[in-house]
1. Show me the ranking of peptides 86-95, 206-215 by mean Cβ neighbours inside 10 Å, starting with the highest.
2. Compare the peptides 33-42, 142-151 by average per-residue count of other Cβ atoms within 10 angstrom and give them in order, highest first.
3. Relative contact order, percent, of the chain when contacts are C-alpha pairs under 8 Å separated by at least 6 residues?
4. Cross-link candidates for Lys3: which lysines have Cα within less than 18 Å, leaving aside residues fewer than 8 places away along the same chain?
5. Please give, to one decimal in nm, the separation of the simple spin-label points placed at Glu136 and Gln42, each 7 Å out from Cα toward the Cβ.
6. Highest first, please rank the peptides 66-79, 45-58 by the mean number of other Cβ atoms sitting within 10 Å of their residues.
7. Go through [x] 18.8, 73; [y] 16.7, 49; [z] 19.2, 56 and flag the label whose value is the computed Rg and Dmax of the Cα atoms in Å for this structure.
8. Which Cys residues of the chain have no other Cys beta carbon under 4.7 Å away?
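Only the coordinates and a few stated rules stand behind these numbers; no lab work does. On a predicted model such as this, the values are computed, not experimentally measured, just so you know. Counting neighbours? That spans all protein chains shown, and the Cβs are built from the backbone with ideal geometry, glycine included.
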Amino acid sequence: MPKPCLLLQLRPERAAADDEYQAILRAAELDADRMKRIQMDQEFPDVELDDFSAVIVGGGPSNVSKPEEQKYEYQRKFEPKLRTLVAEIARRDFPYLGACYGLSILADVLGGKVSEERYGETAGAQTIELTDAAREDPLLHDIPQTFRAFVGHKEACQEVPPGAVLLAGSSGCPVQMVRVGQHVYATQFHPELDGDGLALRIETYRHAGYFDPAEADILIALGHRESVPVPGELLRRFITRYCETERETELQVPEAN
């Protein structure tokens, strides 16, 4: 039986953290006993990578580019240890999927520039466009050239991180997906999110500075009108490739919008 996948979360807001966990399980079609969940704001025990088949790092209100004194207390505790782990992941080319903050911490470890200077995006859907390099990537084979995905972030990669291959971008944020080596992936968009999940995030972070609070209801309504099947398919493909190798699963390609 394959080793479990490790999910590292950094959301102190319990409802949002629980929804992220459940959304990843649903999108990846993964049973709960195949996922080890660590909520880093509560605890972060030592991780032995060889005990797991892959590592997923989700998003949250933390930003790697904030000055140390402006970071959350729990972030100051988990982030140095996470940085060391991500460095090991990159060095070993260990299967990894980072989303939002998961991209930022990877880029930071690689020596890339992550900041709030440019490319922040309000909560909602954006059109993601694959690069030529994506055509040769096993996770992106036959994925539509453009697709919709939910985003919402203050900081972003200001350039492609050193050693990374750009797989996707958007008009408002050029670095939307990268690969390092053969097995380390990260996205700026949230592959686990659907309309209901976006609505919960918007309510949870209504006053966190991602958008004008007065626009929250409009953003929720717009999110429910979107169809975003492709990001979840990418997440499912990652899990299928690295966490469920005993099962032959045909890769199904959703249609572009």
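1. Values: 86-95: 17.7, 206-215: 13.9.
Descending mean neighbour count gives 86-95, 206-215.
2. 142-151, 33-42
3. Working: 502 pairs, mean separation 56.1, N = 257.
Relative contact order here is 22 percent.
4. The qualifying lysines are Lys36.
5. A separation of 4.4 nm, rounded to one decimal place.
6. Descending packing order for the listed peptides: 45-58, 66-79.
7. Of the labelled values, this structure produces [y].
8. Cys100, Cys157, Cys173
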